[in-house]
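Read the figures in this text as sums done on the coordinates, not as results from a lab. These numbers come from a predicted model, not from an experiment. Backbone-built Cβ (ideal geometry, glycine too); neighbour counts: all protein chains shown.
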Amino acid sequence: MPELLDLHPKPADMRALVIEGLSRNPKQLPAWFLYDAEGSRLFELIGEQPEYTLTATETALLEQQAQAIAAALGPGTLVEFGAGSARKVAPLLGALRDPAYVALDISAEHLAQACGRLQRQFPTVPMLGICCDYTQLQQLPPHPLISGSAHLGFFPGSSLGNFEPDAAIALLAQFRRLLGPGGQLLIGIDQPKAVERLEAAYNDAAGISAAFALNLLQRLNRDLQGNFDPEAFRYRARWLPEASHIEMALVSQRAQEVDVAGQRWCFAVGEALITETSAKYSPEAFVRLAAAAGWRGQARWSDGANDLSLHLLVQAD
Ligand SMILES: C[S@@+](CC[C@H](N)C(=O)[O-])C[C@H]1O[C@@H](n2cnc3c(N)ncnc32)[C@H](O)[C@@H]1O
């Protein structure tokens with residue numbers, strides 16, 4: 001089993017984030033609260049739904065382009081942000097020469113399982129798992145796998161879309177610092193497409209996206225002493241053209257009061273708790289965003305339908 005470092009946010013920090021998020025108007029929590037063990041399991045199921053094509057498209061693109069990507073990246077330790085099941089990285093580990101691998105994820109149990117499975121697939125690749133909130137990581141922890149050559153960041157799944165533009169720029173700048181001088185970032189970005197396709201992807205007929213969002217309430221009940229009634233909320237996912245993002249929310253079905261994180265919160269009928277947003281960027285818009293964080297677009301690979309891009313970013317100076 002690969003070594004695992006536990007830097008998960010402490011209960012007091014989680015409580016402060018929930019209080020901050022529920023004090024906002026509209027109410028919104030950081031997307032990582034969706035990922036307890038059950039949330040991670042449900043996210044994997046979302047990736048198998050026919051409406052949610054992102055996972056299959058990005059996986060196939062990585063498999064097809066692994067050699068070209070590995071040649072462009074060169075040597076270094078691969079550092080994956082939000083590794084999830086850590087399945088997408090496999091073609092890269094197969095194509096890179098003498099790779100080492102560091103997986104960062106907030107979901108501890110899932111991370112341990114994913115790293116264990118990957119280590120059995122690549123027994124000779126040195127690996128390390130770090131359970132953390134990557135938005136709060138000031139530096140990669142000191143470790144033999146992390147010292148040394150320039151780091152190759154990997155951020156698939158279009159997870160950058162979960163951040164509002166200013167926060168996305170801040171996160172890209174933070175990754176730049178974490179990866180160090182000469183670091184590179186391979187990042188998967190979902191592109192705008194027909195509204196019907198986008199909304200269907202987050203409203204799968206099997207109801208897995210709804211279950212994933214509603215699981216947030218169970219998580220808050222368990223970890224932050226809440227008394228949410230999941231039956232009193234309905235899942236909603238809609239495309240907001242002015243923000244160029246999908247907004248996913250739990251909408252209160254009645255006026256109600258809920259206790260969580262040591263405080264009482266009022267929900268009006270129809271009031272939304274935003275669980276996450278998912279912004280879509282054209283290749284040009286994304287390269288502009290990355291430039292604001294000190295990255296330069298070096299290469300781009302796309303699927304045949306041009307639904308999604310893998311951008312290779314290098315440091316601008
Ligand atoms: C949308 S899923 C993508 C998973 C995988 N990379 C993929 O492309 O299929 C987001 C992953 O990032 C993790 N995650 C989300 N926010 C995080 C954060 N702030 N810090 C660390 N991990 C985070 C989640 O636990 C989840 O595994």
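Data overview
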quantity: 51, 58 arranged by Cβ crowding within 10 Å, fewest neighbours leading; calculated: 51, 58
quantity: Inter-label distance, nm, simple model (7 Å from Cα along the C-beta direction), residue 251/residue 147; calculated: 5.6
quantity: Net length gained if the chain between residue 166 and residue 20 were fully extended (0.36 nm per residue, minus Cα distance); calculated: 50.7 nm
quantity: Farthest positive-ward along the chain dipole, Cα basis, beta-carbon charges - from 174, 221, 21; calculated: 174
quantity: Inter-part distance where region 151-174 and region 250-317 are each reduced to a Cα centre, Å; calculated: 9
quantity: Förster-model FRET efficiency, 35 Å R0, residue 193 and residue 10, C-beta, rounded to 0.05; calculated: 0.30
quantity: For the chain, share of DSSP beta bridges that run antiparallel, in % to the nearest 5; calculated: 60
quantity: Cα-centre dipole for region 127-227 with unit charges at Cβ (Lys and Arg positive, Asp and Glu negative), debye to 20; calculated: 280
quantity: Kirkwood hydrodynamic radius of region 227-317, Cα pairs, Å; calculated: 16.3
quantity: Area projected by the alpha carbon convex hull of region 123-265, averaged over all directions, nm²; calculated: 12.6
quantity: Distance-filtered residues of region 203-247 - backbone nitrogen under 13 Å, label point 7 angstrom along residue 45 Cα→Cβ; calculated: 204-216
quantity: Net dipole in debye of the chain [+1 Lys, Arg Cβ; -1 Asp, Glu Cβ; about Cα centre; nearest 20]; calculated: 400
quantity: Against the rule of thumb 2.2 N^0.38 Å, how large the Cα Rg of region 1-127 comes out; calculated: 1.21
quantity: On Cα atoms only, tilt of 37-46 relative to the major axis of the chain in degrees; calculated: 80
quantity: Ranked list, fewest to most other Cβ atoms within 10 Å of each Cβ, for 166, 105, 133; calculated: 166, 133, 105
quantity: Residues listed by number, region 99-119, amide nitrogen under 19 Å from residue 218 label point at 7 Å toward C-beta; calculated: 107-111
quantity: Relative contact order (percent, whole number), region 160-317, Cα cutoff 8 Å, 6+ residue spacing; calculated: 30
quantity: Angstrom value of the Kirkwood radius, inverse mean 1/r, which spans all Cα pairs in the chain; calculated: 20.1
quantity: Rel. contact order, % - alpha carbon contacts under 8 angstrom, at least six apart, the chain; calculated: 21
quantity: Size of charge dipole - region 216-269 - debye, nearest 20, with Cβ of Lys, Arg +1 and Asp, Glu -1, no other charges; calculated: 100
